1. So which pairs qualify, if the first residue must be in region 115-129 and under 16 Å from residue 186 (Cα atoms), the second must be of a type in the set (Lys, Arg) and modelled with pLDDT under 90, the Cβ gap must be under 9 Å, and the two must be at least 6 apart or on different chains?
2. Got a number for residues in region 182-214 being surrounded by fewer than 20 Cβ atoms within 10 Å (Cβ to Cβ) and of a type in the set (Gly, Ala, Ser)?
3. If you check residue 213 against the conditions, is it modelled with pLDDT under 85 and within 22 Å of residue 45 (Cβ to Cβ)?
4. Being loosely packed, with under 14 Cβ neighbours inside 10 Å and not hydrophobic (A, V, I, L, M, F, W, C) is the filter here; which residues of region 30-45 pass it?
5. Of everything in region 49-86, what is modelled with pLDDT of 85 or more and touching a helix residue (DSSP H, G or I) at 6+ places or on another chain (Cβ under 6 Å)? Give them in sequence order.
6. Does region 218-230 contain at least one residue that is more than 21 Å from residue 109 (Cα to Cα), β-branched (Val, Ile, Thr) and in contact (Cβ under 8 Å) with a residue 40 or more places away in the chain?
7. Would you confirm, using the coordinates I've provided, whether residue 86 is under 19 Å from residue 224 (Cα atoms) and in contact (Cβ under 8 Å) with a residue 24 or more places away in the chain?
8. Among the candidates 221, 178, 172, single out the residue that is under 12 Å from the mean Cα position of the chain (by Cα) and either crowded, with 22+ Cβ neighbours inside 10 Å or not aromatic (Phe, Trp, Tyr) (or both).
Amino acid sequence: MDINYNRLLYGILIIFIIFTCYIFNFERYLIIFVCFLVFYELLTTKIIKSVNIYILFILIFLTFLNIYILSFSFKLIFIFSFILILLSFFLNKFENTIFVFINFLFLFSIFYISNINLSYIYLIIFLSFINDTTAYIVGYYFKGPLISPIISPNKTWSGTLSSFLISFFILIFLKYSIFFSIFLSISFFFGDLYYSKIKRFNKIKDFSMLLSSHGGILDRIDSMTFFTFILLAFYNT
């Protein structure tokens, strides 16, 4: 296997930063820093140019309406977001506007979940890292048929299934139910696929080169997004 030393170096650096935040309890600083990078990346890509500000404002307004009027039902927000994503997939309407809203919702969710239990932040990061790494290595070695060549030309069945299984068994080991573990493990794939769809729609390979060969920060959080939504939706009753 050819080693991409640049990718390896940045991977080690990311792990070092996360480990340092864990040792010194800098999690909230890490979250704020990630939020800053996400906003910066969204504002510097061509995605922002086609965002409908009025619709984005309405979506954010409805989210806060749910928080303050309906006592924050995250299950309702999750269902609402899922419907929006399906609409963007099949109707090809307001893709970039919905994408920006989904990222806003993800950042809000990270802040919310950090106030519930900081260990969830590391669970999200750890499983996402294991999932992405497993899919990359197994897919590279075993290759095989692609799942969706148009949307994600490098995503193979072998890599996806192996990453699903390892995530599933880790969640089972952590005492999550079988149903919940399956649901969460699948969410990594759909998060990755959704972000890939947005990149294909905008005809870009990566959201940025902020992390060199790893792409941008949005390329790193893709698989975390739906996982975070589902985790909160089931937790927040």
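1. From residues that are under 16 Å from residue 186 (Cα atoms), the pairs are 128/220.
2. Within region 182-214, residues that are surrounded by fewer than 20 Cβ atoms within 10 Å (Cβ to Cβ) and of a type in the set (Gly, Ala, Ser) number 4.
3. Yes; evaluated as a whole, the condition is true for this residue.
4. Result: 44, single match.
5. Scanning region 49-86 gives 50, 51, 52, 55, 56, 59.
6. The answer is no, given that none of the residues of region 218-230 is more than 21 Å from residue 109 (Cα to Cα), β-branched (Val, Ile, Thr) and in contact (Cβ under 8 Å) with a residue 40 or more places away in the chain.
7. So residue 86 does not fit the description; no.
8. Answer to the check: 221.
The values are calculated or read from the model by the stated rules, or taken from the named source; none is laboratory data. Computed from a predicted structure; not experimentally measured. A quick note on method: Cβ atoms are made from the backbone with ideal geometry, for glycine too, and the neighbour counts reach across all protein chains shown.
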